[in-house]
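Heads up: the structure comes next, in structure tokens.
The values are calculated or read from the model by the stated rules, or taken from the named source; none is laboratory data. What you see is a predicted model; the values in this text were computed from it and never measured. We place every Cβ from the backbone using ideal geometry, glycine too, and count neighbours over all the protein chains shown. Remember, those area values only see protein heavy atoms, side chains included, never the ligands or the DNA or RNA. Shrake-Rupley method; radii C 1.70, N 1.55, O 1.52, S 1.80 Å.
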Amino acid sequence: MEHSGSTAAAGSLGDPLVELKGVNKHFGELHVLQDIDLTVRRGEVLVVIGPSGSGKSTLCRAINRLETIDDGEILIDGQRLPEEGKGLAQLRADVGMVFQSFNLFAHKTVLENVTLGPVKVRGTKTAAAKEEAMTLLERVGVANQARKMPAQLSGGQQQRVAIARALAMRPKVMLFDEPTSALDPEMINEVLDVMVQLASEGMTMVVVTHEMGFARKAAHRVVFMDAGQIVEEAEPEKFFTDPESERAQDFLSKILTH
Amino acid sequence: MDSVIEALPRFWDGFTTTLFLAVVSGVLSLVFGTILATFRVSPLKSLRIVGATIVEIGRNTPLTLVFIFFVFILPSMGYILPLGRVPAIIALTVYTSAFVCEAVRSGINSVSVGQAEAARAIGLGSTQTLSLVVLPQALRTVVPPLINVLIALTKNTSVAAGFAVVELTATGRGLARDYPADVLWMLLGVAFFYLLITIPAGTLAGYIERKVVFSR
Ligand SMILES: Nc1ncnc2c1ncn2[C@@H]1O[C@H](COP(=O)(O)OP(=O)(O)O)[C@@H](O)[C@H]1O
Ligand SMILES: [Mg+2]
């Protein structure tokens, strides 16, 4: 099943992999996540879009518990997120995260950035971890930078290393929080290309982004958030051409006018 | 001058005692101070409170008082310590750990939270996050202030002179009494031996600082 202009086929999706049920979160007075119900199925690529401050980052961070939630529950592959400790660390290892500001380990080489997790968390032998890391760096096109320190790389290269670092854990799902917003325009595509490739290989992805091209090419579904609520969900083509809600129409008119 | 040369063996004894106090308490303070710093940034509130309490006591109590506690008060409560160097090392360590802790903690805070979040996101536990990602970066920024703490420690060992430890300052006092005509020379000799520790330490600090500066 191929819908117009999109390479993503919703029919091939599997069982629920990430489930949020009645999730609420406050920052003091601010109700940042309001009764969020959301299911991401295995193999699905979900794009989260919405105005700044609407709670997109908090949503992402709640999924691997970088933020705690006040009530509701979050399940990864049927397992409830543990509160703390070893169980939580193991679960986080299954959830890859790519940050807006890359956050590569500044004191480690590109290669060490990618091998650290497999060696220290998964217990992979260093030699095997290096070999796999080189394969991943090859895949994201930065293998020739493996011995450099992160600060010596361009933003686009750093973000691709960050993707390789997350992939090295062989995650079940990858979270991307505005992965291209900190990049110079000429570097955005090199990162999006890697993400499109990943999507086409069947990776389950939650992507916070305003890149409509990516959403149209790779996403199965777009979720529109505003003021802590999920206001609208639709297939990308439908969402961008014919949004239902006034808030989504208003938001799209703003990002489309420039 | 001749008297200084005559007194050299005594200077040397005082110097090695001072060096011993400084090195042993210095190493212990680095260890305990770093542990205290990890308490102070721990996710567990109880550990943070314990850390903060120890640090505030150490930082806000005059060193002489800390000595009095370990040399007189603790034994009077029945905890007998061997006299001399041991209570001195304990007092110096308790006091200096508080300053090491604060230096390390400010280093930890200088590492952006994104580094720790990225570490946790790949599944590192909180101890691994601290030891593999945060502390190695923190220690680089923390070397210069730490050396200052250790230089202060070297000078603080002189407080032990008042508590039956014949280190450099006590030696100087003795020499001044034994060679009343050469008091100035004897005191200059004492100062010289302190500088023999602190100046190399300062030079080392500058060297390490240049060596470990790296771009983030
Ligand atoms: N740690 C925090 N403490 C207090 N308020 C926060 C914190 N993090 C985010 N917020 C607030 O929560 C709201 C949602 O933030 P965020 O999830 O980052 O939105 P988005 O990613 O959609 O821009 C914003 O108003 C933001 O200021
Ligand atoms: Mg955000």
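Tell me, which residues of segment A:55-76 get at least 20 Å² less accessible area when the other protein chains come in, versus the chain alone (1.4 Å probe)? Listed by number, the residues meeting the 20 Å² cut-off are A:61, A:66.
Our helix-only sum for chain A, with -39,500 (n - 2.57) per DSSP H run of n ≥ 4 divided by its residues, gives a mean residue ellipticity at 222 nm of -10500 deg cm²/dmol. For chain B, the relative contact order comes to 29 percent (Cα pairs under 8 Å, sequence separation of at least 6).
Size descriptors for chain B: radius of gyration and Dmax over Cα atoms are 20.4, 70 Å.
For the peptide A:148-159, the mean number of other protein chain Cβ atoms found within 10 angstrom of a residue's Cβ is 1.
Placing pseudo-labels 7 Å out from each Cα toward the beta carbon at residue A:184 and residue B:3 gives an inter-label distance of 7.3 nm.
Relative to the dominant Cα principal axis of chain B, helix B:8-40 is inclined by about 20°.
Quick one: helix B:168-178 against the long Cα principal axis of chain B, what's the angle to the nearest 10°, folded into 0 to 90? For B:168-178 against chain B, the angle is about 10 degrees. Of the residues in segment A:120-134, those shielded by at least 50 Å² of accessible area once partner protein chains are present, compared with the chain alone at a 1.4 Å probe, are A:120.
Amide H to amide H distances under 5 Å link residue A:176 with A:98, A:206, A:207, A:208, where only residues 5 or more positions off or on other chains count and H is placed in the peptide plane.
Axis angle, to the nearest 10 degrees, between helix B:85-110 and the longest C-alpha principal axis of chain B: 40 degrees.
Applying the criteria of a DSSP loop state and at most 11 other Cβ atoms within 10 Å to the trypsin sites (Lys or Arg not before Pro) of segment A:130-202 yields A:147. Mean partner shielding of peptide B:126-133, defined as the number of other chain Cβ atoms within 10 Å of each residue Cβ, is 3. Apolar share of the accessible surface for chain A: 47 percent from carbon plus sulfur atoms, 1.4 Å probe. Evaluating 6.51 cos²θ - 1.76 cosθ + 1.60 at θ = phi - 60° for every residue in segment A:201-212, the Karplus couplings come out as 7, x, 5, 6, 9, 10, 10, 8, 6, 9, 6, 5 Hz, glycine and proline recorded as x.
Between residue B:113 and residue A:128, the modelled label-to-label distance comes to 3.7 nm, taking each label 7 Å out from Cα in the direction of the beta carbon.
Rolling a 1.4 angstrom probe over the protein heavy atoms with all chains in place gives segment A:35-190 an accessible area of 40 Å² per residue.
Annotation: per residue accessible area for segment B:117-216 equals 48 Å², rounded to a whole number [probe 1.4 Å, protein chains only].
Accessible-area rank, largest first, for A:35, A:77: A:35, A:77, with all protein chains present and a 1.4 angstrom probe. Residue B:12 sits with roughly 140 Å² accessible to a 1.4 Å probe, with DNA, RNA and ligands left out of the calculation. The residues of segment B:1-48 expose, per residue, 55 Å² of accessible area to a 1.4 Å probe.
Ligands, DNA and RNA excluded, the heavy atoms of residue A:255 present near 40 Å² of accessible surface to a 1.4 Å solvent probe. Here segment B:74-215 exposes an accessible surface that is 68 percent carbon and sulfur, computed with a 1.4 Å probe and the other protein chains kept in place. Take each residue of peptide A:165-172, count the partner chain Cβ atoms within 10 Å of its Cβ, and average: the result is 2. Annotation for the A:B interface, with buried accessible surface near 1800 Å², both sides summed [1.4 Å probe; non-protein components not counted]. In a fully extended conformation the segment linking residue A:75 and residue A:24 would gain 16.9 nm over its present Cα-Cα distance, using 0.36 nm per residue. In chain B, helical runs assigned H by DSSP with n ≥ 4 each contribute -39500 (n - 2.57); averaged across all residues and rounded to the nearest 500, the mean residue ellipticity at 222 nm is -24500 deg cm²/dmol.
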